[in-house]
Every structure is written in C-alpha cells, then in structure tokens.
Amino acid sequence: MILTQISTEGQMMADTLSVMEPGRDSIGLLDLMIKGGYMMIPLYILFVLAIFIFVEKVITLRKASKSPKHLMDQIKILVQGGKIDQAKMLCQGDNTPVANMISKGLERIGSPLKNIEVSIENVGKIEIYKLEKNLGILATVSGAAPMIGFLGTVAGMIRAFIGVAQEEGMVSPKLLSTGIYEAMITTATGLVVGIIAYLGYNYLVSQVSKLIHSMEYTSVEFIDLLQDK
C-alpha cells in the first residue's frame, strides 16, 4: 500500500516536472496566441482598432499644431495695416484650428465685438470636436479589453475543469496545468491591449488639452487686437 502511494506520488511529480521543464516542450508566442481560443479574436480586433485610432489621432494632432510661430504677429501687422483680405488668405493657407478660428473672426470684422467673439467660439467648438473624435472609442477599448480577456479565462477554466471531470481515474497534472495556462492567455492578452490603449488615450488627451489651450490663448489675443484697432 505504501509502495503504491510512493509510486503514484513519484509519477505525479514527474508529470509536473515535464510540464515545467522548458527544454522539453517549448511553446512559441504564436502558439500561445493560437491556444488562447476564440475569445482572442475580439482582443485582436480591439488591438488593431486601438493602434489605428492612436496613429490617426497623432497624425491629426501634429497637423493641427503646425501653425507658424509668428502667425499671430503677421495677422496683427496685416490687420493694423487694413489688409484684411491678405490676413484671410494667410489663415486659409494655414488650415489649422487656430487659423480657422482667426479666419472666422476676420470675416466678421465690422460686426459688434460680441458677435465676433461668439463666432470664434463656435468655430472653436467644432475644431475641438474634430480633435477629440474617436478618443472615446480608445477609452472604451482600454476598459473592455481586460474584461473580455477575463471572460475568456473564465470560459477556458470551465472547459478545463469539465475535461478533468470527464477523465476516468487519476487526473494528470499536465492535463490540468495545460488547460489552466491556455485559459489565462486571454487575460494576459486583454491586459496588454488595455494597457496600450489606456496609455495611448492619456497621451492623446494631454496633447489635445495643450492644443485647446493654444486655441483659447490665440482667440483672446485676437479679440484684444480688435479692441485696440
């Protein structure tokens, strides 16, 4: 009886070591990603979506912040010289949020100052909406990906324990550990996707905030210019 128990425990330890030993059955990253199961598909889609939105917004923000450093100085000179049309052409050639706001203000010159200010604010709201477009989707990905990954792990664990329950006799530790690590792949993947999306979202929000501050500062400077004119 004792010999049988010792033999059984020795066999279980051997099976466990065979699973843990890296040299015997090494698994590549691609194999791990495939073993994650069908719940990996939405995680792949969310990852691609997050990368696409991040790259698209970075390009958009870089274009939006490319206003010449001395744009406002040139506008001041032209407005004070009465060259309103040239100032409009300068803004239209720049085609950035700041330039679009100033251009709208130039078009309203001659109207009450309050009306000009309101027109600039309305254009600013439209430009801010364009800058913040799709950021909400990126925030959703950062929260949804870990939850989908955890759901995949729970489903995988259920399948693993169902397989264990259907086994007759002693259950091999290799069978159990394999089912568990395959189930946990989705959680790891979901966390990776969520972290990437979260970091990308916060970076883009900070860049948008900087650009909005620049727009507000320029609009105030432009209104001051009209008051002094």
Contact list please: Cβ distance under 6 Å, first residue in segment 190-217 and assigned to a helix (DSSP H, G or I), second residue surrounded by 13 or more Cβ atoms within 10 Å (Cβ to Cβ) and among the polar types (S, T, N, Q), pairs at least six apart or on different chains. Gly194/Ser142; Ala197/Ser142; Tyr198/Ser142; Tyr201/Ser142; Leu211/Ser65
Flag if Lys83 is surrounded by 12 or more Cβ atoms within 10 Å (Cβ to Cβ), at pLDDT 80 or above and not hydrophobic (A, V, I, L, M, F, W, C): yes
Given the conditions (1) open to solvent by less than 20 Å² (accessible area, probe 1.4 Å); (2) over 26 Å from Leu225 (Cα atoms), which single one is not true for Lys133? (1)
Taking segment 188-229, which residues are crowded, with 21+ Cβ neighbours inside 10 Å and not small (Gly, Ala, Ser)? Thr189, Val193, Tyr201, Leu204, Met215, Thr218, Phe222
Do we find a residue being in contact with a helix residue (DSSP H, G or I) (Cβ under 8 Å, 6 or more places away or on another chain), within 18 Å of Leu135 (Cα to Cα) and modelled with pLDDT of 85 or more anywhere in segment 175-189? no
Any residue in segment 111-123 that is modelled with pLDDT under 85, in a helix (DSSP H, G or I) and either under 30 Å from Leu199 (Cβ atoms) or open to solvent by 50 Å² or more (accessible area, probe 1.4 Å) (or both)? yes
Out of all the residues in segment 14-28, is one or more at pLDDT 80 or above, in a helix (DSSP H, G or I) and under 38 Å from the mean Cα position of the chain (by Cα)? no
Within segment 57-72, can you find the residues that are assigned to a helix (DSSP H, G or I) and either open to solvent by less than 70 Å² (accessible area, probe 1.4 Å) or in contact with a Cys (Cβ under 6 Å, 6 or more places away or on another chain) (or both)? Lys57, Val58, Thr60, Leu61, Ala64, Leu71, Met72
Please find, among Ile102, Ile41, Ile34, the residue that is part of a helix (DSSP H, G or I), modelled with pLDDT of 80 or more and closer than 28 Å to Leu138 by Cβ. Ile41
Which condition does Lys57 not pass, out of (1) within 30 Å of Gly156 (Cα to Cα); (2) within 23 Å of the chain's Cα centre (by Cα), if it passes all the others? (1)
Residues located in segment 49-108, provided they are among the hydroxyl-bearing types (Ser, Thr, Tyr) and within 30 Å of Leu199 (Cβ to Cβ): Thr60, Ser65, Ser67, Thr96
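The values are calculated or read from the model by the stated rules, or taken from the named source; none is laboratory data. Remember, it's a predicted structure, so these values are computed and weren't measured experimentally. Because the Cβ atoms are built from the backbone with ideal geometry, glycine has one as well, and the counts that use them run over all protein chains shown. SASA here: full protein model, heavy atoms, side chains in, ligands and nucleic acids out. Shrake-Rupley method; radii C 1.70, N 1.55, O 1.52, S 1.80 Å.
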